[in-house]
Every structure is written in structure tokens, then in C-alpha cells.
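Below: the structure, in C-alpha cells.
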2 protein chains.
Amino acid sequence: MPRGVQAAKSEVATAKALEAALGLFSKQGYGATSMRTISEASGLSVGNLYHHFGSKEAIFQRLIDEYWEHLLDPNNDLQRVFEAAEFPDDLEDLATAIEKSVEDHRSYIMLIFIDVIEFSGTHIRAFYESMAERFQKTYSESFAQRKRDGLLGEVDPLVGVMVATRWLFYFFTVEKCFGVPMHFGMDTSQAVDEFIRIVRHGVLPRGGSAPIPESQSD
Amino acid sequence: MPRGVQAAKSEVATAKALEAALGLFSKQGYGATSMRTISEASGLSVGNLYHHFGSKEAIFQRLIDEYWEHLLDPNNDLQRVFEAAEFPDDLEDLATAIEKSVEDHRSYIMLIFIDVIEFSGTHIRAFYESMAERFQKTYSESFAQRKRDGLLGEVDPLVGVMVATRWLFYFFTVEKCFGVPMHFGMDTSQAVDEFIRIVRHGVLPRGGSAPIPESQSD
DNA sequence: AGTAACAAAACGAGCGTTCGGTTTTTACGA
DNA sequence: TCGTAAAAACCGAACGCTCGTTTTGTTACT
């Protein structure tokens, strides 16, 4: 009987239940997944599930919490890219890290959309709202310095990094979670490269700082 | 008894049912909405719903079909922007049209996410896949001409218009459908303006065509 | 002995769908 | 214009089933 480093009493069982629930929720949604199904998939009895979690919704909440923990873990690749704060030079790294993050957390990402639909976004709203603030904290110092050095254009780089991050997350989510690969009519890496070029240089020809000819009617 | 221009027999009833179902599906999801609830909200009896639609899923399918019809209607603002094919000069118009489109079809847009979650994307996959092709048809001619005139940079403008369109749809969907307003820490129009600037000019300073200093390690 | 972990049956409610029946509309020969 | 019979529209109870949860226990640690 080992003592000292021993895990909380029934951590193994709850971990199995959470894993099973994640797989089921992410594939069929919350409402369509029954406690009995989770019971069968995890090997725990229904009564035991209620003993450990109290309710079905509590299981869902636990899974959401797990995702934030993974996502904000300073040791994962994505957080390291953010820490380095070298946008837009590291756009390729950002894309790679986000691709990996979406791949690794495929099931968890589905939970976000499930929450929006089946719970009106109750469980995830707070996080979304704090996102702008988090970016501000991470990047403001770095951007101020590099602006002074003339390394940035006239666009607010904070918006740039948020636009790029969100877009890449969205792109890979559609590709990997919604099951619609190559949805720009080209392969993934090509689409990402083009996107990075746009973020860095825009679609207009370089050099000419002349304003666009006024083609809008009203 | 008017004859000639008389509508199909029970169009009014089915329209009421579809409207009620759309409101309920979009707010609570497919599984969480019961036929009895649709019956109460529409004023039709449950039996009558089955008489007109045959099954619950058939109602959902009808709503998805309605959305594509609205979205591809050549008379709406968004399709007119696409027809004009003046990207990227008309980015402001594109943003306005997409904002309106998302606002007008808020409930229908939720159906897409519901389909992805509760039906594994069965009802909408075909459309997503045909999207690249549709853009190609609309824009290829216009882009070829303007490339010859030197009005476009080195970025593939077809990717540009798809990136911009998809991003704007995504942005307004989060704002208006997911209930998370101003999620970049600024108000909507400001965030859109910044995004448009990025698409046109990129985040790097203009004029300097020098390559980025190699800051990547591997 | 006491507490946490587990199991299984049972409960009440709600589900999608079907069915038997009534009402309304339609079609058409007289 | 009317009468009438077929067809469509409509209703609500009932069927068989599954749901989230509770209850009542038994087993296993400490």
C-alpha cells in the first residue's frame, strides 16, 4: 500500500468517466448522450456516476474546465508562441501551434459549440469575453517596443494577432472538427500560406500608397 | 372562391410550423426541441405536423433548404456584392452585406452548427464543399482582368475574397448568434475597419519589400 | 465501525411516432 | 347551383421506449 504520492481516492474512475463522456458529447451532442450510454462506455454504473459528479451537467462543466486548463497551460506549444510575442514574424509557428492545438483538442472544441447551442453559451461566455484582455497583457509591451523600432505598419498589431489567431482556430476547426477538409479548394498548407501572406502584406500591390480609386457608389 | 393565383392548399399552416420550429431549434438545438413543443408554438396538432412533414428530421431538412434559398437569392445585398466582383475595393460593402445577412438569418445560421453537432454535418456538407467552386466561377474572370491592369498584389485574390468572406461571417456569427459582443475589446465597426485594413495592406510597414529578419530557429 | 465506492432496480416524466376519428375543402355530374 | 363522395387537413389519445435522477442496497477500504 503506497502512501504519500497516492492519488485522490477514485481519480481513475472519474477520469474514465470524463474520457467516455467527452467522446460521446463531442460526437452526438449533450442532449443526445444519455447517462446510461456514458455508464456503458466508461464501465461505471449510473449510480456511481451520480455519486462522483452529482448530475449530467456537472460532467459537462468538468470537461469545459479541463479544456481551459489544457489551453492555458504555459507548457504547450501555443502558449509558448504567445509568450515569445513575435507576431507577425512567427505567423508560421502560430499556424503550426494552432493546427496542433485543434488536432489535440478536437473533442473539447466541439464542446464549445455544444455549449453555445444547447446551453446558450453559459459555460464558455466568460472565457470568450476575457480573451481581448489576455492578448493585451501578452502583447502590448512587445508591440510598443517594436513600433518604436519601425517594425510594424499602421495597423493595430493587437487586432492583427487576434484576427490571425481567431481565423486560424476557425479554419482548422472547420477542417478537423466539422469534417470539411480543403474547403478553399486547395490543400491545407497552401491555404494557410496564402492567409499568412495576406496578414503580412495585404492583397493590394506593394509600394503604391495611393488610395483606392473611389468605386463605391454610396 | 378565388382561382388561378391560389396558393398550395395548406401553405399557411406549414409556414407557421416551419417558423415555430426554426425559432425553437435555433434556441435549444434539435434534440432538445420536441414535436409537442413545435405543435404548441405553431398551433398545429402533433398529428397534423406528421401529416405535413412525415418526420421531425424532415422539418429540419426543410429549414436547411430554406436557408440556402435565401442565401443564394440573387436579389439580396450579399449576392449583389459578389456579382459586382470588385474585391478588395468593396470590402466595406462586403462587410455591411455580411453583417446584414447574419442578422437576417441568425436562426438559420444556428441550424448549421446544430447540424454539425447533432447530425455530424450531414445536411450541410455538400454546400460547404461547393463553396470554393462557387467563388471561382464568380471572381476568376474579374481577377484575371484586374491582375493584367496591375491592380492586385502577389496574393491569390481568390483566396483573399474567401478569407475575407469567411472571416466576416465568422466574426458576425460570434457577435450576433453566439451572444458575445465586442469580443476584440472594441466595438464592432472598429474591429471590422481594422480587419479590412489588414486584408488590404497587411500588418507590416509599407514600401519595405525586404524579407523578414530570420527569427525562426528551425 | 464508519465512510467512500460501487451497483441495479425503480420512478415519473417526456420522447417520436402511430392511429382512429372528425372536420373542411375540393371535384364534378345533375 | 346544388348534392355528394373522395381527398386533404386536422386533432388528441395512446404506444412503446428512453430519459435524468433517486433509492436502496452491497462491497471495500481505513
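In segment B:137-161, burial by the other protein chains removes 20 Å² or more of 1.4 Å probe accessible surface, compared with the chain on its own, from B:L151, B:G153, B:E154, B:V155, B:D156, B:V159. Apply the a/c threshold of 1.5 to the C-alpha gyration tensor of chain A and tell me whether it is rounded, prolate or oblate. Since a/c reaches 1.5 and a/b is larger than b/c, the shape of chain A is classed as prolate. Each peptide among A:185-197, A:140-152, B:105-117, A:115-127 gets the average number of other Cβ atoms lying within 10 Å of its residues, and from highest to lowest they stand as B:105-117, A:115-127, A:185-197, A:140-152.
Compared with the dominant Cα axis of chain A, that is its longest principal axis, helix A:188-201 is turned about 50°. Peptide A:164-173 has a mean shielding of 3, counted as Cβ atoms of other protein chains within 10 Å of each residue's Cβ. Across identical copies of the chain, B:A126 has label-point separations of 4.4 nm, listed in ascending order, with the point defined 7 angstrom from Cα along Cα→Cβ. Classify the protein assembly as shown as rounded, prolate or oblate, taking a ≥ b ≥ c as the square roots of the eigenvalues of its Cα gyration tensor: rounded when a/c is under 1.5, otherwise prolate if a/b is larger than b/c and oblate if not. The shape class here is oblate. When accessible surface is computed with a 1.4 Å probe, chains A and B are found to bury approximately 5900 Å² between them, both chains counted.
The label point for B:M131 and the one for A:R125, both projected 7 Å from the Cα toward the Cβ, are 2.7 nm apart. Site pair B:L72 and B:S189 shows an inter-label distance of 3.5 nm when each label is modelled 7 Å from Cα along Cα→Cβ. Taking all protein chains together and rolling a 1.4 Å probe, A:H201 ends up with roughly 50 Å² accessible. Rolled with a 1.4 Å probe across the full set of protein chains, the surface gives A:E83 an accessible area near 130 Å². Take A:D156: with every protein chain present and a 1.4 Å probe, its accessible area is about 60 Å². Looking at the square roots a ≥ b ≥ c of the eigenvalues of the Cα gyration tensor of segment B:136-186, which shape do they give, rounded for a/c under 1.5, prolate if a/b is larger than b/c, or oblate? Because a/c hits 1.5 or more and a/b exceeds b/c, segment B:136-186 counts as prolate. Label-point spacing for B:G23 across the identical copies (point 7 Å from Cα in the Cβ direction), in nm and ascending order: 4.1. Taking each of A:K27/A:K176; A:K100/A:K176; B:K27/B:K56 in turn, the alpha-carbon distance never tops 21 angstrom. Note: segment A:10-59, Cα convex hull, 60 Å³ per residue. Measuring r between the beta carbons of B:Q145 and A:R206 and using R0 = 22 Å, the FRET efficiency lands at 0.60.
Phi angles across segment A:121-132 convert, under the Karplus curve 6.51 cos²θ - 1.76 cosθ + 1.60 with θ = phi - 60°, into 3J(HN,Hα) values of x, 3, 7, 10, 4, 4, 5, 4, 5, 8, 5, 4 Hz, Gly and Pro given as x.
Diffusion coefficient (Stokes-Einstein, Kirkwood radius over C-alpha pairs, 25 °C, 0.890 mPa s) for segment B:73-201: 155 µm²/s, rounded to a whole number.
The values are calculated or read from the model by the stated rules, or taken from the named source; none is laboratory data. Everything numeric in this text was worked out from a predicted model, so none of it was measured. Cβ atoms come from the backbone with ideal geometry, glycine included; neighbour counts cover every protein chain shown. Calculation scope for accessible area: heavy atoms of the full protein, side chains included, ligands and nucleic acids excluded. Shrake-Rupley method; radii C 1.70, N 1.55, O 1.52, S 1.80 Å.
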